[in-house]
Amino acid sequence: MSNSSKKQFWWNNAQYRSLFFQVLLIAAVAGFFWFIGSNTLQNLEKRGISTGFGFLSQKSGFGILQSLIPFSDSDSFGRTFVVGLLNTLLVSVIGVFFATIIGFTMGVARLSNNWLIAKIATVYVEMFRNIPLLLQIFFWYFAVLRTLPSPRESWSAGGVAFLNIRGLYLPQPLFGDGFAFVGWTFLLAIIATFCIKRWAKKRQEETGTQFKIWQTAFGLIVLLPVLVFFAVGSPLSWDLPSLKGFNFRGGMTIIPELTALVTALSIYTATFIAEAVRSGIMAVNSGQTEAASALGLHRSKVLKLVVIPQALRVIIPQLTSQYLNLVKNSSLATAIGYPDLVAVFAGTTLNQTGQAIEIIAMTMGVYLFISLTISAFMNWYNNKTMLVER
Amino acid sequence: MTVLITTPTPDQPPPVSSVGVIGWLRKNLFASVTNSVFTLIGLFLIYKTVPSALNWAFFTADWVGSAKGDCSSEGACWVFVAVRIKQFLFGFYPSAEYWRVITSFSLVGVLIAWLLIERTPKKGMVAAFTVFCYPIIAYFLFYGGAFGLPVVETHKWGGLMLTLILATIGMFCALPIGIVLALGRRSSMPIAKSISVVFIEFWRGVPLITVLFMSSVMLPIFLPEQWQIDKLLRALIGIIFFQSAYMAEVVRGGLQAIPKGQYEAAEALGLSYWKTMSFIVLPQALKLVIPGIVNTFIALFKDTTLVLIIGLFDLLAVVQAAFADPEWLGFSVEGYVFVASVYWVSCFSMSRYSQHLEKKLHTGHAR
């Protein structure tokens, strides 16, 4: 360079350069949003669409197949959002429940000493993990549930539950007057058990005396509510479904869309949970188990006090991200017409109102909120259980 | 009198019950009572499912024919798949132009095999050709409009071909964006970092369906009216954004696994940021994350089925549409099993390949 080497150009200064890059970046992002924003305003004006959330209070005018809260076509679009959201949550909760059970069973089974059981679990995991979820949902819905018999020839389980092409019919519990007492007793028993457990742990740390916490918990949480239930005069009856004409009346109906969705979601997600469980258990060094046995711990205590706490550190983060995937995948409901958030709100409501931006933003917002909440929990858990290396 | 035996007596053979088939059975299947019960339950399950499934799929199935009447036995009717296989593979692509699709896919197959197999010469040249020249060739082969090839509109594309196009383009475009985002997320510049974090977390937090809805409904609103984007391209844009966020997290994992000493050594040599990244860090990090990249590709490959919801005809959608043919009613199970086996074979072999790579690439970085 011809100028004196003493002179430093600003682009050789790391601080200025990074400032320059960042200003450039902000300008680019701002320009991008300005481009999109101005186009949007123009396009909306041309199409005559007004922006804003006023449409939420308009009358919806369509019915929804399944709703946890009362809904009719004279309710507002805002209410369709709530109905869809509740249906999404319902599928997610049931799906998480079954996926966890199947996943843990299969994960442990893959590590079983029994060769056959381990192989069956492996085949299960490898088979369902490598087939797209949407295909599995379609399979259960169109190929299995559509071939079920008509209501007149439904399969019956002891005359109280029926399965046919219209859905699964179960007896519905009808809670009588005094049932609230049972619920409150149950709740109080859980709180009491929690307190007793803390007290027992403290006492054990101080004096070494153990307390029979499991027996106490069983007595409080199971036996006490049962006693209360009979004491207030068994205020529970069942509304049984029965065939009236061409269809079943009474009882609880689980629509086939829900059954197909929950089956596919839990089977698919369970394969990933099984892998998480397996990797978690395998991540615990075998020296840990041996050392625990050398200390004279009983086999069940080895599992409870040594293996599981360490395995959970690996399992929980993967497990939460699988739960998250399940919630997000429940949006595939729209493909078979189960009225979840995407089907009802981003589907029907969007078509009726044309408010694309607001509706897609609200739908995405819900999923974002759920994901960010769960990942915040995960970060908190990771920090709490992180190994502190010395 | 003491008797000293100086030569050891020969070892007794192990009891019959602990070696050979019996020993294996006892150890692995009937070690305890509970174990035996589980084994019996397992055997019962296999007895109940496997023979009937095999019978249905192979032994009593119909393989040849051209119409529904040829399916006389009680097993599967593979004739349904055989009759429509061209549609399942190519969608509504004109049959006179099939050679273009086949050429294009064979070419990329050869190129990828060249890059994956060890001990092939001139990998750099081939890689450059794959990245820069092949896309242009593929565009003209698929779409046409030059060199005397007639134009085939994208709404005629479908079947397995569309699935592969969506997955590979989504993947190859998402990788560079993902690398940039990952570098951004680990950057010391606060604004670059926060923009990357927001971008990544946003796309990872929403389901792919809403992304596809967004790209199909909202892109036309976001862009000037004269920009006409067709449905396939809109879906691709959504997929690329979505995939790049996942890719960024995979690459970030690789970047984090590189020991700090590597960065410091590069700095000590006086290398600039970009030189450090492109010559020191990324080559090591990308090598580490190849299995992760393959895994996200598998996920994407399975997720491409969702485009049927916005009206594109991928493999699943074409098969699903074929069920509605009044001449072929009632063969949905065959159709689903066909699609499932295509996906299963591809995904399973890819995941095996990724596991193999993981073992091979484990050269001591991972701690």
Starting with the fewest neighbours, write out A:Phe62, B:Phe90 ranked by other beta-carbon atoms found within 10 Å of each beta-carbon.
A:Phe62, B:Phe90
If one builds a Gaussian network model of chain B from Cα atoms under 10 Å apart, the most fluctuating residue listed among B:Leu107, B:Leu43, B:Leu232 is B:Leu43
So, with +1 on the Cβ of K and R and -1 on the Cβ of D and E, and no other charges, what is the size of the charge dipole of the stretch B:106-200 about its Cα centre, to the nearest 20 debye?
360
From the phi of every residue in the stretch A:106-121, what ³J(HN,Hα) in whole Hz does the Karplus formula 6.51 cos²θ - 1.76 cosθ + 1.60 yield, where θ is phi - 60° and glycine or proline is x?
5, x, 5, 4, 5, 9, 5, 5, 6, 4, 5, 4, 4, 5, 4, 5
Placing one equal point scatterer on each C-alpha of the stretch A:213-351 and summing with Debye, one gets log10 I(q)/I(0) at q = 0.12, 0.17 Å⁻¹ equal to -0.91, -1.02
In Å and whole numbers, how far do the C-alpha atoms of chain A stretch along each principal axis, longest first?
95, 69, 45
Charge dipole (debye, nearest 20) of the protein assembly as shown; +1 at Cβ of Lys and Arg, -1 at Cβ of Asp and Glu:
2140
Go ahead and collect, in residue order, the members of the stretch A:67-94 whose backbone nitrogen is under 12 Å from a label point 7 Å along the Cα-Cβ direction of A:Ala376.
none
Hey, what does the equivalent ellipsoid look like for chain B, semi-axes from the Cα gyration tensor as sqrt of 5 times each eigenvalue, largest first, whole Å?
45, 38, 20
Once both labels are modelled 7 Å past Cα along the beta-carbon direction, what's the A:Ile165-B:Ala321 spacing in nm?
2.6
Taking a ≥ b ≥ c as the square roots of the Cα gyration tensor eigenvalues, with a/c under 1.5 meaning rounded and otherwise prolate when a/b beats b/c, else oblate, which class fits the protein assembly as shown?
rounded
Find how many whole Å separate the alpha carbon centroid of the stretch A:88-130 from the alpha carbon centroid of the stretch B:160-187.
31
Take chain A, connect every pair of alpha-carbon atoms lying under 10 Å apart with a spring to form a Gaussian network, then pick out the residue of A:Gly95, A:Gly158, A:Gly219 with the largest mean-square fluctuation.
A:Gly219
Sites B:Lys231 and A:Ser150, calculated FRET efficiency, Cβ-Cβ separation with R0 30 Å, nearest 0.05:
0.15
Divide by every residue of chain A the summed helix terms, -39500 (n - 2.57) for each DSSP H run of at least 4, and state the resulting mean residue ellipticity at 222 nm, rounded to the nearest 500 deg cm²/dmol.
-19500 deg cm²/dmol
In peptide B:191-200, what is the residue-averaged number of other protein chain Cβ atoms found within 10 Å of each Cβ?
2
Most mobile listed residue (A:Leu56, A:Leu303, A:Leu223) in chain A, GNM with C-alpha springs under 10 Å:
A:Leu223
Per-residue mean of other chain beta-carbon atoms within 10 angstrom of the beta-carbon, peptide A:135-141?
5
Quick note on A:Thr216, B:Thr39, ordering by fewest other C-beta atoms within 10 Å, gives A:Thr216, B:Thr39
If A:Lys244, A:Lys328 are placed from fewest to most neighbouring beta carbons inside 10 Å, the sequence is A:Lys244, A:Lys328
Taking each residue in A:111-123, count the Cβ atoms of any other chain within 10 Å of its Cβ, then average. What number comes out?
5
Determine, from the Cβ-Cβ distance of A:Leu65 and B:Phe140 and an R0 of 56 Å, the FRET efficiency 1/(1 + (r/R0)^6), rounded to the nearest 0.05.
0.75
Go through B:Leu43, A:Tyr381, A:Trp199 and say which Cα lies farthest out towards the positive end of the charge dipole of the protein assembly as shown; charges sit on Cβ, +1 for Lys and Arg, -1 for Asp and Glu.
A:Trp199
Can you tell me what the convex hull of the Cα atoms of the stretch A:109-228 projects to on average, as an area in nm²?
14.4
Residues whose modelled amide H sits under 5 Å from the amide H of A:Ser76, counting only those 5 or more places away in sequence or on another chain, are A:Ser60
Here the Cα Rg-to-2.2 N^0.38 Å ratio for the stretch B:96-151 is 1.26
Over 12 Å, how big is the tail of the calculated P(r) for the stretch B:20-61, in percent of all Cα pairs?
66
Of A:Thr122, A:Phe21, A:Ile336, which is farthest on the positive side of the dipole of chain A, counting Cα position, with +1 on Lys and Arg Cβ, -1 on Asp and Glu Cβ, and the Cα centre as origin?
A:Phe21
Too-long pairs where the Cα-Cα distance tops 22 Å, listed order kept, from A:Lys201/A:Lys301; A:Lys197/A:Lys301; B:Lys260/B:Lys359; B:Lys193/B:Lys231
B:Lys260/B:Lys359; B:Lys193/B:Lys231
Whole-percent pair-distance distribution, where bins are 10 Å wide, for the alpha carbons of the stretch A:103-155
22, 29, 27, 19, 2
How large is the translational diffusion coefficient of the stretch A:21-69 in µm² per second when you combine the Kirkwood radius over alpha carbon pairs with Stokes-Einstein at 37 °C and 0.692 mPa s?
225
Using 0.36 nm per residue of separation minus the Cα-Cα distance, give me the extension gain between A:Thr385 and A:Gln215 in nm, one decimal.
58.3 nm
Once you put a point 7 Å from the Cα of B:Leu107 and another 7 Å from the Cα of A:Gln15, both along the Cβ direction, what distance in nm separates them?
5.4
Could you give the nm distance between label points at B:Val33 and A:Lys202, where each point is 7 Å from its Cα heading toward the beta carbon?
4.4
Considering the zone a paramagnetic label at B:Ser188 would reach in this model (a point 7 Å from Cα along the Cα-to-Cβ line), which residues of the stretch A:11-28 have amide N under 18 Å from it?
A:11-23
Among B:Ser341, B:Thr7, B:Pro224, whose Cα sits farthest toward the positive end of the charge dipole of the protein assembly as shown (+1 at Cβ of Lys/Arg, -1 at Cβ of Asp/Glu, about the Cα centre)?
B:Thr7
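All of the numbers you see were taken from the coordinates with simple rules; none came from a lab. Source: prediction; values computed, not measured. Positions of Cβ are backbone-derived with ideal geometry, glycine not excepted, and every protein chain shown enters the neighbour counts.
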